[in-house]
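What follows draws every value from the coordinates through simple rules; no lab data is involved. Please read these numbers as outputs of a predicted model, since none were measured by experiment. Neighbour counts run over all protein chains shown; Cβ positions are idealised from the backbone, glycine included.
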């Protein structure tokens, strides 16, 4: 399968950079899989898991992301996320803190649109938690 | 004329001081390396963010319903100055140069008849500004307990600023920090956060924007990116500041150690001289006493 360049960047560091065969991205309108030759495209993210398959069947890697956005361009796929961690580094405390933040976002929301978004995020997080910590 | 014992004590105390400054210099050097790495690691994110925002802002433009964070709320009366300084002193002119820049800006704004509000990040800036602008300082954010600055810390400040903006507490927001150039060179910088200043068409995408798909719409993406950008810019400022602080402290402590070395040299010379003078005096007394017999 053709490979393309993928970068996962968080404010604190460059989390991943390299050639990949495919990346599954949790876009705000639903998950999508980015492959080589994808048309230019930009979307915001919801909390979820990024699953990437490295070039040449070297196995899969999963990353936990909170808000951010993905940008597919000629240079490949770039994801900027507020929080981006390898799944192995995500623990109970992380979820507790993120869920608490999501709850305050719901109460702080300035209008109904934002509140709906915040509630969606909270539910997404709760779902992720059950997925990763059964 | 100080006695020999006084001189000895003085030399000992300067030596002790020199040891402290030397240790501080070495600690600052080690911290500087880490702070520099952190500042560099944050760069790709901020750069990408700038590019994306610039291209989005060019597409959405400055229409009527453009987000307030991008074009401002149409007023220019109340200015919020976010002054980022260190939590600790002993780092040369680092804190005072940032505070001076902020003070000059505040004074010129006041002279124009504008209102000024100050948000202090870091205790030292607060100490320096509170005498003149005591009633204008709305809050002091203490990062003393924070070991390594992360996105979380910047996000807290960013949310605070956004809430103030939403409540109409200010119209224009500027952040003051020190840009890290080299160990010897830090540049106090003022950067406007709200409304956003974007580089126009500088990094415009080569492909016509219509080829790009946006999900959700451009406006919505921009609306979610703008608040995040505030936090990112604050994070960048804090990280640059952290590196600058350590750099400034390193060079300040280096010159302090050198000064202490010079002082030790001078005082040792004086000590030796007066010891020699005393020996000579005693010899003369003995000789003249023997001659008198």
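Data table
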item	result
Other protein chain Cβ atoms within 10 Å, averaged over every residue that makes up A:21-32	1
Neighbouring partner chain Cβ atoms per residue of A:64-74, average, 10 Å criterion	3
Shielding by partners, peptide B:213-219 (average Cβ within 10 angstrom, other chains)	4
DSSP beta bridges in the protein assembly as shown [antiparallel fraction, %, rounded to 5]	65 percent
Per-pair calculated FRET efficiency, R0 = 51 Å: residue B:9 and residue B:43 via Cβ, rounded to 0.05	0.50
Helix A:92-108 vs. chain A, principal-axis angle (Cα, 0 to 90°, nearest 10)	60 degrees
Mean Cβ neighbour count within 10 Å, used as a protection proxy, ranking B:40-49, A:114-123 highest first	B:40-49, A:114-123
Among B:118, B:161, B:59, residue whose mean-square fluctuation peaks in a GNM of chain B (springs only between Cα atoms under 10 Å)	B:59
Nearest 10 degrees, 0 to 90: helix B:151-166 Cα axis against chain B principal axis	60 degrees
For B:240, B:282, A:7, order by how many other beta-carbon atoms lie within 10 Å, fewest first	B:282, A:7, B:240
Distance from segment B:78-107 to segment A:34-65 (C-alpha centre basis), Å	43 Å
Over segment A:91-132, relative contact order from alpha-carbon pairs under 8 Å, at least 6 apart, %	41 percent
Segment A:68-134 and segment B:1-64: distance between their alpha carbon centers, rounded to Å	33 Å
Rel. contact order, % - alpha carbon contacts under 8 angstrom, at least six apart, segment A:1-133	21 percent
C-alpha long axis of helix B:94-111 to longest principal axis of chain B, angle in °	50 degrees
Theoretical ellipticity at 222 nm over chain A - DSSP helices of four or more residues, -39500 (n - 2.57) apiece, nearest 500	-9500 deg cm²/dmol
